[in-house]
Amino acid sequence: MTTATTAFYEAIEKAAAGERLSYEEGLALLEGDDLVALGAAADDVRARLHPEGYATYCVDRNINYTNVCDVYCTFCAFYRPPGDHPEAYIRTRDEIRQKLDELYAVGGKQILLQGGHHPDLRIEWYEELFSWMKGEFPDLHLHALSPPEIHHIARLEDMPYEVVLTRLHAAGLDSVPGGGGEILVDRVREKISRLKVDAEGWLEVMRVAHNLGIRSSATMMFGHVETDAERIEHLHRLRALQDETGGFTAYICWTFQNDGAAPLKAQTVGSAEYLRMLAISRLYLDNIVNFQSSWVTQGMKVGEISLHYGCNDMGSTMLEENVVSAAGTTYALNEDDLHRMARNAGFTPRRRNFFYELI
Ligand code: SF4
C-alpha cells in the first residue's frame, strides 16, 4: 500500500511528458512512496533521452594524490590531519606512474584525480604534476580537482577562481569532477562540512569552469542531515546553473555510507531510498542528459535496477576508490561485470569517453 497525493501523481505525469517541474512539484514527488510509479516515469525520461538501448561506461581509475586534509568533514573517514600522521601520504611520481601504467594496461585513458585540502601544496605543485602526467601520457584525460579543491587553492594563493582554473587547464586539467557538492544548502554544509567551500562557492567554481569551456559532472550525496526540501533545493540549484552554462555532462547521486568510521552518526539509508531519490532527480533535472549509476555504493543488483530508474550510464570500472571505501560500503567490478550488469538489465553495454562519445 502506498501513500501518495494527487500532486505526487500529477508531478510524475508532467515530468514523464517532458514538462519542467516547479520547486513545489519537486517537493510533491518526495511526499509519495510509490516507488514503482517514480521508477516508471524516470525510465520514460531515460528512454526519451537515450532511445538507442545502450548502457554506457568508461574505463578509468581514481587516484587520490594525498589524504592530508584540514577540512574535517564529519562524514569522511578518508582524511588524515596535517602533521606527522603515520598514515598520511602524498603520492610520488613513481606511484602515480605505476597506477597509470595499470590503467593503460586495461585500455583506460582517463583518471579521476582528487585529494584532501593539503595546506602545503601550492598551485605550482599541481601544475607540475599535470604537465608531467600529460608529458608521459599525452592522450590521458585528466578529470581532476573538485570545486572544494579549486576553492582551497584559490584561497591559499589569493587568486580568483578564473586564474586558478586557467592555469590548471593550461597545465593539463581537462574536466572537473562534481565532488564536494554533497547538499548545496549552507545549513547542511554547516553541519557536515563546516570548513569546506559553501554552496554558492561550489556553484561559482563550476560556473567559472564552464565559462572557460571546462566541462564537469554534478553530484549529490544524500541521506544524512538534510530535509526533503533541501534535497529539492540542491537539485534546483544544479538545474539553474545548467540552464545558465550547459556545462554539466552528467549527474550522479549516492547515499551517505556509514560503517561507524566517520564522526557523523546518521544511519545509512537503504537501496529503496537511493532508487527513489535517483528517480526524482531524473524527473527534476530535465537539462542534464546523462545519469550515472552508483553501483560502487549500492552493489551490482541495485546497479542493474538503477538502469530502469533513470540511469543510462554505469560510470566507470573504478580501479581504485578510496574516499567512499574509507567510509563504508564499496563494491568493485571489472569490465565483464559491467557488461553483465547492462545485459541483465536489458541493455547493450557500450564503452564511452568522458564526453559520452562511444568508442
Ligand atoms: S571529504 Fe574531502 S574535504 Fe572533507 S575531510 Fe574528506 S578529504 Fe577533506
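The values are calculated or read from the model by the stated rules, or taken from the named source; none is laboratory data. The structure displayed is predicted, hence computed values, not measured ones. Counting neighbours? That spans all protein chains shown, and the Cβs are built from the backbone with ideal geometry, glycine included.
Would you check if H143 is within 29 Å of S293 (Cα to Cα) and either part of a loop (DSSP other than H, G, I, E, B) or without any contact (Cβ under 8 Å) to a residue 24 or more places away in the chain (or both)? So H143 does not fit the description; no.
Every test in (1) under 22 Å from Y161 (Cα atoms); (2) out of contact with any strand residue (DSSP E or B) (no Cβ under 7 Å at 6 or more places or on another chain) is passed by L113 save one, and that test is (2). Among what's in segment 63-76 and is near the ligand (Cβ under 9 Å from one of its atoms) and among the aliphatic types (A, V, I, L, M), pick the residue that is farthest from the chain's Cα centre (by Cα). For segment 63-76, the residue satisfying everything is V68. Pairs linking a residue in segment 224-253 that is free of Cβ contacts under 8 Å to residues at least 60 places away in the same chain and at positive phi to a residue that is surrounded by fewer than 23 Cβ atoms within 10 Å (Cβ to Cβ) and not polar (S, T, N, Q), with Cβ atoms under 8 Å and 6 or more positions apart or on different chains, are G246/H210.
If you go through segment 43-71 and keep only what is out of contact with any helix residue (DSSP H, G or I) (no Cβ under 9 Å at 6 or more places or on another chain) and in a strand (DSSP E or B), you end up with C58, T66, V68.
Each row is one residue, and each column tells you yes or no for (1) buried (at least 21 other Cβ atoms within 10 Å of the Cβ); (2) part of a helix (DSSP H, G or I).
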residue: I153; (1), (2): yes, yes
residue: V164; (1), (2): yes, yes
residue: R167; (1), (2): no, yes
residue: E182; (1), (2): yes, no
residue: K191; (1), (2): no, yes
residue: R194; (1), (2): no, no
residue: W202; (1), (2): yes, yes
residue: R207; (1), (2): no, yes
residue: A218; (1), (2): yes, no
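Which residue is nearest to R352 (Cα to Cα), if the candidates are limited to segment 107-123 and must be assigned to a loop (DSSP other than H, G, I, E, B) and within 16 Å of the ligand (Cβ to nearest atom)?
First, pick out the residues of segment 107-123 that are assigned to a loop (DSSP other than H, G, I, E, B): 107-109, 115-122.
Pick out the ones that are also within 16 Å of the ligand (Cβ to nearest atom) and you get 115-121.
Working: G115: 25, G116: 28, H117: 31, H118: 33, P119: 36, D120: 36, L121: 33 Å.
Here the answer is G115.
Given the structure, is Y79 surrounded by 20 or more Cβ atoms within 10 Å (Cβ to Cβ), within 16 Å of the ligand (Cβ to nearest atom) and of a type outside the set (D, E, K, R)? Spell out how you get there, then give the answer.
Numbers: surrounded by 20 or more Cβ atoms within 10 Å (Cβ to Cβ): yes; within 16 Å of the ligand (Cβ to nearest atom): yes; of a type outside the set (D, E, K, R): yes.
It is true that Y79 is surrounded by 20 or more Cβ atoms within 10 Å (Cβ to Cβ), within 16 Å of the ligand (Cβ to nearest atom) and of a type outside the set (D, E, K, R).
Considering (1) more than 16 Å from the ligand (Cβ to nearest atom); (2) among the small types (G, A, S); (3) assigned to a loop (DSSP other than H, G, I, E, B), the lone condition that G135 does not fulfil carries the number (3).
Checking each residue in segment 299-316 for being touching a residue at least 24 places away in the same chain (Cβ under 8 Å) and within 11 Å of M341 (Cβ to Cβ) picks out G299, M300, V302, G303, E304, I305, S306, L307, C311, M314, G315. Remark: D60 matches the filter, which requires a residue to be away from the ligand (no atom under 16 Å from the Cβ), crowded, with 19+ Cβ neighbours inside 10 Å and acidic (D, E). Please determine, by comparing only the residues of segment 87-106 that are of a type in the set (A, V, I, L, M) and away from the ligand (no atom under 16 Å from the Cβ), which one is modelled with the lowest pLDDT. Residue satisfying both the conditions and the ranking: V106.
When G246, G260, G213 are checked against the criterion of being surrounded by fewer than 21 Cβ atoms within 10 Å (Cβ to Cβ) and modelled with pLDDT under 95, G260 stands alone in meeting it.
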